[in-house]
Amino acid sequence: MSYRSFEELEVWKLGCRLAVRVYEALKECKDFGLKDQMTRAAVSISSNIAEGAERDSKQEFVRFLHIAKGSAAELRTQAYIACQIGIICDDVQKEFTEELKKISSMLHALIKSIKT
C-alpha cells in the first residue's frame, strides 16, 4: 500500500462524506444526547484514519484503523436505535448502514494489507 497522504485514501473520503451526511440528517434533532453520540462516532471514523496514518509505525496505524472500525460499528448501532425511535427514517438508516458496512469492509482490507 503506497500513498502520500491520508487524504488520498478512499475510505477516509467516504468517512468524511458520511460524517457530513450524519450532521445533515440530524440538523433538526432535539435529542441532543443521541445526536452528540452519533456525530462524534461519525467524525471519529475519518479522524482516526487520519491520526493513524500520521503515526510513525504500521502497528500504530493498524491500532487507529481498528478504532475507526469500532466507531463505524458504534454509529451503525446508533442509526438502528435512531430509526426505531423515529429520529431518522428507514431510508436514511439503510443508507447509513450500507455506507458503514462498506467503510468497515474497506478498513478490514486496509488493515490486512498493512499487516502483510
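The values are calculated or read from the model by the stated rules, or taken from the named source; none is laboratory data. Computed from a predicted structure; not experimentally measured. Using ideal geometry, Cβ is built from the backbone for each residue, glycine included, and neighbour counts are taken over all protein chains shown.
If only residues of region 57-103 that are in contact (Cβ under 8 Å) with a residue 60 or more places away in the chain and either farther than 20 Å from Val20 by Cβ or of a type outside the set (A, V, I, L, M) (or both) are counted, the one that is surrounded by the fewest Cβ atoms within 10 Å (Cβ to Cβ) is Lys102.
Selection within region 40-54: residues that are in a helix (DSSP H, G or I) and of a type outside the set (Gly, Ala, Ser). The member of this set that is farthest from the chain's Cα centre (by Cα) is Glu51.
Residue count for region 55-86 satisfying the condition of being in a loop (DSSP other than H, G, I, E, B) and either within 20 Å of Thr97 (Cβ to Cβ) or at pLDDT 95 or above (or both): 2.
Is there a residue in region 19-28 that is in contact with a helix residue (DSSP H, G or I) (Cβ under 9 Å, 6 or more places away or on another chain), without any contact (Cβ under 8 Å) to a residue 40 or more places away in the chain, in a helix (DSSP H, G or I) and among the charged types (D, E, K, R)? Taking every residue of region 19-28 in turn, none turns out to be in contact with a helix residue (DSSP H, G or I) (Cβ under 9 Å, 6 or more places away or on another chain), without any contact (Cβ under 8 Å) to a residue 40 or more places away in the chain, in a helix (DSSP H, G or I) and among the charged types (D, E, K, R). Between Asp90, Asp36, the distinction of being acidic (Asp, Glu) and either touching a Cys at 6+ places or on another chain (Cβ under 7 Å) or on the phi > 0 side of the Ramachandran plot (or both) belongs to Asp90 only.
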